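Bear in mind these aren't lab numbers, they're just calculated from the coordinates by the rules spelled out. Fair warning: this is a prediction, and the values are worked out from it, not measured in the lab. Neighbour counts are summed over all protein chains in view; Cβ atoms, including those assigned to glycine, are modelled from backbone coordinates with ideal geometry.
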């Protein structure tokens, strides 16, 4: 299990939270979400949101429900994505609560109250918190609007990585380099793994699509609604070009055109938010948009927003490609397609993102021959493929290099004192912590949930 991100920073009576996420990974994680916070929400003055994924924002309405009335800061894009992500999450948890016979985690009034406290800010905008405390957002390159949060007191700085991007991404700018950290709190989802290269990724995707088409099967892609779906659309826009690759594809190789479905109301709405914020895109993507390329659309693509449209996908002859949520197969429309096509030897399921331990996606990924979906026992006979390079998370070398940016070894200021490795499974977190110490000689620890540390006072 990987717990939802939630970090408390205290200074002279000021209490600051960075993220307030939902725990994910099986029933145990779900039960944790209902437990009281280990602090008094009414005493929290500020909350800084790194990005809009549910494991970073999912318990914010509960925080409000339990008494929080402070200020919430996020980038403008993150705020807009939250207006879509949190209502969708509330719908899911309300349905789950009804099935389990207990009250939902929060109500609509809690969500409305929370969102009224959220203020959108820009990258590199300094936020004054009083008593010499400031906060600044930096570009994390993970998803649209994602941020590294810097908290400064005097000359001391602590950085919370949130989730770091996996550059170069097709859409976003690269992760901002940090050189002056005294303390770092860094994620470790892929702290013990190395992603494929971008060109290798593209060639493997082509191969998977072509082989599935040749067999006359269905390519199922469980995909996160934010960033992953948009990246896939951008890539397919190029690969399916009749001219053998558009500018967005950046290649001359084309693949046979087949029907492609984005079967996720959430992903469709999120794509709309992406279109609202081209200011966050990298120069290449911004140029394509300015040149008239609809980077998230191409002939043969269908956005199935309604349940009726979704059901009609079954009537479309194979081969076809279905991109649907949720990204870990923990709910959403992908479940219906998995019930139908997991037993089909000609079909393929392709994982393009992290599958947390305990999730249905992880069980399929690791090779379970049978899985339970919506009360049914489903045999798994289709091909199982993985493309970690599509992950929006930095891999081990990327994480290590980013942390090392504040050391003299990597040309930084060299006063990094301690690194806290979080947001990863135990082995991944410990591996990264050990590497930080071995390579840079900096004290690094993988804290347990609820563990408290006292930082050196400002001198």
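Under the shape rule built on the C-alpha gyration tensor, where the axes satisfy a ≥ b ≥ c, the chain is prolate, since a/c reaches at least 1.5 and a/b is greater than b/c. Averaging 1/r over every pair of different alpha carbons in segment 34-186 and inverting the result gives a Kirkwood radius of 16.5 Å. The protection proxy used here, the mean number of other Cβ atoms lying within 10 Å of each residue, ranks peptides 386-396, 131-141 as follows, highest first: 386-396, 131-141.
Each peptide among 44-55, 255-266, 406-417 gets the average number of other Cβ atoms lying within 10 Å of its residues, and from highest to lowest they stand as 44-55, 255-266, 406-417. Only bridges whose two residues both fall in segment 198-390 count here: according to DSSP, what percent of them are antiparallel, nearest 5? Close to 20 percent.
In the chain, the DSSP beta bridges split such that about 40 percent are antiparallel, to the nearest 5.
Could you give the length gained by full extension between residue 357 and residue 34, i.e. 0.36 nm per residue of separation minus their alpha carbon distance, to one decimal place?
Numbers: separation 323, 0.36 × 323 = 116.28 nm, distance 2.00 nm.
Gain in length upon complete extension: 114.3 nm.
For residue 174 and residue 98, the FRET efficiency from 1/(1 + (r/R0)^6), where r spans their Cβ atoms and R0 equals 45 Å, is about 0.55.
Using R₀ = 25 Å, calculate the FRET efficiency as 1/(1 + (r/R₀)^6) where r is the Cβ-Cβ separation of residue 302 and residue 377; round to 0.05.
Values: r = 31 Å, r/R0 = 1.23.
For residue 302 and residue 377, the calculated efficiency is 0.20.
At 0.36 nm per residue, minus the direct Cα-Cα distance, what do residue 316 and residue 43 gain on full extension? Give it in nm, one decimal, please. Using 0.36 nm per residue and subtracting the Cα-Cα distance, I get 92.8 nm. Taking the Cα atoms of segment 198-390, the ratio Rg/Rh between the radius of gyration and the Kirkwood radius comes to 0.95.
Once a ≥ b ≥ c are taken as the square roots of the eigenvalues of the Cα gyration tensor of segment 252-328, is the result rounded (a/c under 1.5), prolate (a/b larger than b/c) or oblate (a/b not larger than b/c)? The shape class here is oblate. Shape class for segment 347-442, computed from the alpha carbon gyration tensor (a ≥ b ≥ c): prolate, with a/c not under 1.5 and a/b above b/c. Taken along the Cα-to-beta-carbon direction at a fixed 7 Å, the label points for residue 384 and residue 415 span 5.0 nm. Using 0.36 nm per residue and subtracting the Cα-Cα separation, the extra length available between residue 456 and residue 437 on full extension is 4.9 nm.
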